[in-house]
Each structure stands twice: as C-alpha cells, then as structure tokens.
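Participant: Okay, handing you the structure first.
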Amino acid sequence: MASKTVKTYCRFCHAYCPMEATVEDNRLVALVPDSDNAIYGGYTCVKGRQLIEQIDHPTRLQQSQKKQADGTFAAIGSEQALDEIAVQLATILERYGPRSIASYNGTYSYQNSAAHDVARAFHAAIGSPSYYTSVTIDQPAKVAIGPTRMGWWNGGSHMWNDADVALIIGNNTLVSHYSIPGGIPSFSPHNALREGRRRGVKLICIDPRVTEVASRCDLHLQVRPGHDAAVVAAIISVILSEQLHDKAFCDEHVAGLEQLAQQVARFTPEAVAAAAGVPANQIVAAARLFAAGPRGSAVTGTGPEMGPHPNLLQHLVQSLNAICGRHYRAGERLPNPGVLTPAGPRSAQATGPQPQWLRDGVRSRVADDIGETVVLSPYGPLAEMPTAVISDEMLLAGEGQIKALICVGGNPLLAWPDQEKTHRALAGLELLVCIDLKLSATAQMADYVLAPKLCLEREDVTLLTDIWHDKPYSQYTRTVVEAEGDKIEEWEFFWAVGKRMGLALSMRGGPIDMREKPTKFDLLANITKGSRVPLADIYHTEGGRVFDVPDVILGPPDPATQERMQLHPPGVDEEFAAAHADLHRAPDRDYPLLLVSRRMKNTYNSTGPELSLLKSKGTTNPAFMHSRELAALDIADGEIVEVRSRHGAIPAIATAADDIRPGVISMSHCWGGSPDPTARTDEQIREIGSNTNRLIDNREHAEKYSGMARQSSIAVAIRKLS
Ligand code: SF4
C-alpha cells in the first residue's frame, strides 16, 4: 500500500494552520498539526481536525446537481451543467445587459487562492460591475470607507509583535481566528496572546461580554452595545485634552486635528459613561493606558463593525491610531513587507483621502448615496458593489436589475441581512447557480449546484494572509488527495463558462489561456507576478516558513508626494451628531434588550454544524443571556423562547451565560434555514438553530456609502413560547 506524509495547510477558515497529512492510496488517513512550523507552533482548532470527515461526509455533494421541474435535484455532469449555464448567461447578457449578471463571493471563496481574481476577470470580460463579496456584509467601513475618507499611512500600523499596548474593540480572536494586523494575530492566537502578555503588552478590551480575550485583558470596558463610536470619541477627547497625542507626528502628517478636537469635545467621559454603561474613570484610564503606548494599535471586530455608526467608528479608530502616531516611521524596518506582494520601496508618509472613490464609482440603483466601495489591496484599489443592498438590486425592476446570480462558497439566505427579502430576491432570479459543497439553504433554491473540490483536494498558496503575518511567511500546498467523482474548483467555473461564451479573461499578470485550461500554478503565477519572492520558490519549499526577504527600511517622506491623513472629512460632522443624539435616546420600552452577534468555536459562519465533532458541541445558536435576566423573565435555562424585533421574530434556545452584560442577548449569525413557512424550519430550532437576519430590515439604518445594515445591537424583546 502506497503511503506518504505531506505538508499542507487547513483552509476551513482563513487562519491557514499548517498540517501534516498521511495519505494511503489516495485516502486521507491522518491529519495532524505541523509541529515543525515555527509560526504556528503546532496549532490547529477543532474545525480543522474535521477535514478528514468533511471529505466523505454524507451531506457532501459528490457531483453537480440540476433542479428539476418538480423541484427536486438530479445529478448532472459538470461539463453538461457548464454548457447549459453558459448558454443561459449569454442569453441574459444579451437580453438585460452586463449588470444583470452578478456574483456573490462568500467566505469560502476566499480560501481558494485563485477564485477571486478569475471571478473578477470574468466580470471585467462581460463588463459587469455586479461583483459582490462577504466583506461588504460586515466590514466595508473598516476596509474601504475609513481609508477612502481619511487616507492611510504607507508604512502600516504597529503590529502585535512589537506593540506595548492594544485596544481591542469587539474582537474575540481566540474564537474567531480573525483580526487585522495590530490585534491578536489570527495564527495560533492563544500562543500569540501568551507571548504578548509575557512581553508586557497591556491589553484594553471594549466588549459587552467577558469574552475569551476580555477575560485576559488589563482593562475591560464592559459596555452597553451601540455606543462604541462614542466611547472611542471620548477616549480621543481625553487624549487631546490631556495633550497625550503625538504632536510631532500630527504636525507633519495629519489635517483636521482641530476640527476633530472640536467634535470629540462634547464626548467627555462623563457625557458618554451613562449611555455606554461604564464608569467615566474607566474611559479615562483606557485613554491614558493606550496613549502611554508608546507602540500599539486599536482594532475592531465584527460586533461593533455590524453595530450602529460603523463609518464613524472606523474613522475614529483610524484617527486614534493616527493621533497617537502608531505607524512605522522613516528608518524603521517593516516587520513584513509581504512575500507574494509586489516588491518595491516604501516611504514613511501618508496618502490623503480619495473622495473620487466614493463619488465616481458605479452607483447602486436603490439609493444615490450608496455605490461601489473600494478596498485597498497590496495590488492597488479593488472596487466591489455593496452586498448590503444586493437583494434590493435583485428586486428593483428596470435597467440593471440582477437576473442571474453566481454564488461562490457563500450562503446568502443565511448570511445576507433581512432574510425574508433575501428569500424573495433569490426566488425571483432567472438563474441561480451555487458552487457549494452541500445543498445549503441557498443551494436548495438554485437551478444548478456545482460540486467543488475541498481544500485538501487542490493546490493553494497563502495569498489572503500574506500581509496579515508579522513576519514574511508563506506556504504553497500541493494537492493532498485527488478529488473523487466530478468536482471542480471555484475558479474553473468562471474560466469554463468564460471559454464557452467566447470571452477573453485577463488578470494583472496578463491574459489567461482560454484554449487549454491553465494549471493552478500558472494562474497563481499570473496573479502574483512581480512578487517579492517568486512563486516557484514557495512552491518548491516544503511546508510554510518565514522567507529571507531583504529588509525593507522605510524611506523618508518625499516632499513632492507626501499628503496628510484627513481627520475631518466631509460628512463626518453628521455622523458625530447622530452618535451624540444616541447618547440621549430613551430606551425602547417595547424592545428593551439589545441583540449582539458573536462567534462560536464549532462553526465558520454557516459551515460546520454537520460534522460530527462540531455537532457534538452544539447544533443550535443559543440566545445567551445573563442568568439574572432569565430569572426575571421566569425563563428556564434551555427553554425555547421567541426573540422579537420590530421587523421579525425567531425562536431561540435561551441559555444562561453570566459573561454577558445584563440587558444584552448574544447570538451567532448564519444559523437556521429558509424563512419559507412551508420549510417549517422554526420547528427544527434545536437541530439547526435560527436566523438572526430575520430580525433585520436592511434599509432601516442603512449606512451611507456602503448601505451597510445594522446587524448587531438590535432592539429586541423575548417571551416564553410555551
Ligand atoms: S483555525 Fe481551525 S479552521 Fe481555521 S485554519 Fe486553523 S485549524 Fe483550520
């Protein structure tokens, strides 16, 4: 029996933990952490340990499916499915124009390192701007609106490994395995946190829960949800009034400091404390501790990013880092200049705001102040349409209405805000194609479901995380086991359909061969052309490692090109006014509790609950509440309750959790099933959970520019169902 052990890495989530796989006759028989890896130190989580089971899981699609006239699915060969889909897309393109063809690239699409670039090439070839991703569900303010309005620092912000302090707002990396650089690294986060604490890093948390991270911090502001922007404004007001900011840095690199100071002046700790539910002296202590640094960044996570005033919150967090000068300076060595990103010198200087990105991009058809958002990538600006209003784009008749949706590694019916509307929008499409490993809630509505290869069945490189590490780390993995049956990769869909439609696809490295299917390596070489380390070198390196790239020392600012980060961009005054008004808003008597989002260890958004080990840890998304709250409402731990907002109602399992602030309910998103009453998913609350997006009206608090819906800090009430 042929047996081999190979190094690879997990792509269940975006932490990319290195693993060693033992394969016998193309069967994966063992999968263990790669304990040789210096960065991860042998770390994996419970989800990654389920990859073997995932390959042969009974719910996994072994081949593609086509919806039949009676609503059932029948197997179809992928070539036949691609033929039929290409014909239908060509017809829709001809009849309705390019914008009518959309793709939604969900969290799983990011784990295939070629998927996004080939999907974008397809969109460019047909001239469709209707390119959507999961990023604009929860973090457009952080990755797009904030830097667009304020500008950014070309030398980057202080990272965890050389920080003295970190301010972490609603980010529980120990469970989510996600943080932008500056927070606790996503890679072996427990080790990173322990190492940081040993080094003396001071940790400040702002979170309504005593999360796994908050329980290990120096100062925890256990806030009432919804006032994160006001709390950060108060922290800035203390720093500026006590002159704790970096004056020299501000003098040279920022604009609008005086106006920012005027705006935050009314957000005194005393003015914010009552609404935010924390003592004023805690806000003062947080401000002084962060300002003392001298190094370290403020970062946010999903909760506050999906809560009220996301644009203002990100502006304030980025302003806080700027006024405290938490950026690498001239003469300093960049900790990680990138391995796969383009080589080139870097200067310690700011790039100013890019208002044209908000002004000139493709506009949403549903509101003039919403349109394309631009994410700054290592390869330059990348525009995408905001997913927050994609359902409206699908429902609104007229020129540009989305008629066909290609859903890649995502589950819109569970993930998009306003579930009822999402259901209507998906049901009204002329063509819905899903690339999904199982018949998910969304896939069940599809015309075609293409069966994809899983991560260990394909090559990949750690492109997504290239600049998230604090060292120049990378890993290329070969295919560990060949996929059995008729399965394709996500990028192959766009290439194959593009070929059938006679399109010429091109990426940043040049045209893609449309006659012979390119290899994955060829595609990745195209995508990473000009990288600091040639892709071939990473390909020939066994396992993941830190590459010996030449030091990048930040050059001095170039007077001819240096600009300033704008702390007072147009529009921010109205956002300050709205956040300030919220401080005095009376509680909603009918909906007195606030529902916030949370992550769970046993799922990655909607993926995971079907796997046995993850299932054993829970099959529902409980409504976690303080035991005092439950007692006051005469609700027993484990009882089924109704969670009701002004927009909708869902069942939930009430669960006592004294790490939560009273007055708050905490539930994980992306659970449950279809809202169609005939599906009777509410009756399966203990088996599949329920969907919090049914509680949300996506347009009620739509944020300017991105249309982002309020998905956390939702006013709700609960009642016993029995
Ligand atoms: S954190 Fe878990 S799921 Fe994510 S890559 Fe690592 S092992 Fe896989």
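Participant: What pairs come out if I take residues in region 1-28 that are touching a residue at least 40 places away in the same chain (Cβ under 8 Å) and pair them with residues that are more than 16 Å from the ligand (Cβ to nearest atom) and outside any loop (DSSP other than H, G, I, E, B) whose C-beta lies under 6 Å away, six or more apart or interchain?
Facilitator: Pairs that qualify, where the first residue is touching a residue at least 40 places away in the same chain (Cβ under 8 Å) and the partner is more than 16 Å from the ligand (Cβ to nearest atom) and outside any loop (DSSP other than H, G, I, E, B), are Ala21/Val6; Val23/Lys4.
Participant: For region 170-181, which residues satisfy the criterion of being crowded, with 23+ Cβ neighbours inside 10 Å and in a loop (DSSP other than H, G, I, E, B)?
Facilitator: If the condition is that a residue be crowded, with 23+ Cβ neighbours inside 10 Å and in a loop (DSSP other than H, G, I, E, B), then Gly170, Asn171, Asn172, His177, Ser179 are the ones that fit.
Participant: Just need a number here: residues in region 191-211 that are within 21 Å of Ala276 (Cα to Cα) and in contact with a Leu (Cβ under 6 Å, 6 or more places away or on another chain).
Facilitator: 2
Participant: Then there's this: Only one of these is over 26 Å from Ala229 (Cβ atoms) and modelled with pLDDT of 95 or more: Val664, Val716, Val641. Name it.
Facilitator: Unique residue meeting the criteria: Val641.
Participant: Still on this structure, I have one more. Could you pull out the residue among Ser674, Ser712, Ser690 that is touching a His at 6+ places or on another chain (Cβ under 7 Å) and outside any helix (DSSP H, G or I)?
Facilitator: So the residue among Ser674, Ser712, Ser690 that is touching a His at 6+ places or on another chain (Cβ under 7 Å) and outside any helix (DSSP H, G or I) is Ser674.
Participant: Same structure again: How about region 14-45: which of its residues are within 12 Å of the ligand (Cβ to nearest atom), under 24 Å from Gly409 (Cβ atoms), touching a helix residue (DSSP H, G or I) at 6+ places or on another chain (Cβ under 9 Å) and in a strand (DSSP E or B)?
Facilitator: If the condition is that a residue be within 12 Å of the ligand (Cβ to nearest atom), under 24 Å from Gly409 (Cβ atoms), touching a helix residue (DSSP H, G or I) at 6+ places or on another chain (Cβ under 9 Å) and in a strand (DSSP E or B), then Met19, Leu31 are the ones that fit.
Participant: Among (1) more than 16 Å from the ligand (Cβ to nearest atom); (2) free of Cβ contacts under 8 Å to residues at least 40 places away in the same chain, which single condition is Lys615 missing?
Facilitator: (1)
Participant: Given the conditions (1) within 16 Å of the ligand (Cβ to nearest atom); (2) assigned to a helix (DSSP H, G or I); (3) buried (at least 20 other Cβ atoms within 10 Å of the Cβ); (4) of a type outside the set (Ser, Thr, Tyr), report the number of the one that Arg49 does not fulfil.
Facilitator: Checking Arg49 against (1) within 16 Å of the ligand (Cβ to nearest atom); (2) assigned to a helix (DSSP H, G or I); (3) buried (at least 20 other Cβ atoms within 10 Å of the Cβ); (4) of a type outside the set (Ser, Thr, Tyr), the one that fails is (3).
Participant: For Arg11, indicate whether it is closer than 30 Å to Arg500 by Cβ, within 13 Å of the ligand (Cβ to nearest atom) and part of a loop (DSSP other than H, G, I, E, B).
Facilitator: yes
Participant: Looking at Ile488, Ile512, Ile527, Ile467, can you tell me which residue is closer than 21 Å to His116 by Cβ and modelled with pLDDT under 95?
Facilitator: Within the list Ile488, Ile512, Ile527, Ile467, the selection yields Ile467.
Participant: Taking region 526-544 on its own, how many of its residues are surrounded by fewer than 19 Cβ atoms within 10 Å (Cβ to Cβ), on the phi < 0 side of the Ramachandran plot and not hydroxyl-bearing (Ser, Thr, Tyr)?
Facilitator: So the count comes out to 6.
Participant: What pairs can you find where one residue is in region 577-588 and under 14 Å from Thr268 (Cα atoms), the other is among the charged types (D, E, K, R), and their Cβ atoms are less than 9 Å apart, with a gap of 6+ or different chains?
Facilitator: His580/Arg266
Participant: Considering region 491-509 alone, what residues qualify as being under 14 Å from His123 (Cβ atoms) and either touching a strand residue (DSSP E or B) at 6+ places or on another chain (Cβ under 7 Å) or among the aliphatic types (A, V, I, L, M) (or both)?
Facilitator: Matches in region 491-509: Phe493, Val497, Met501, Leu503, Ala504, Leu505, Met507.
Participant: Might you check whether a residue that is more than 11 Å from the ligand (Cβ to nearest atom), of a type in the set (Asp, Glu) and either crowded, with 18+ Cβ neighbours inside 10 Å or in the same structural domain as Trp495 (by TED's automatic domain parsing) (or both) occurs anywhere in region 71-80?
Facilitator: Yes.
The values are calculated or read from the model by the stated rules, or taken from the named source; none is laboratory data. For clarity, every value in this text was computed on a predicted model and none was experimentally measured. Please note: Cβ atoms are built from the backbone with ideal geometry, for glycine as well, and neighbour counts cover all protein chains shown.
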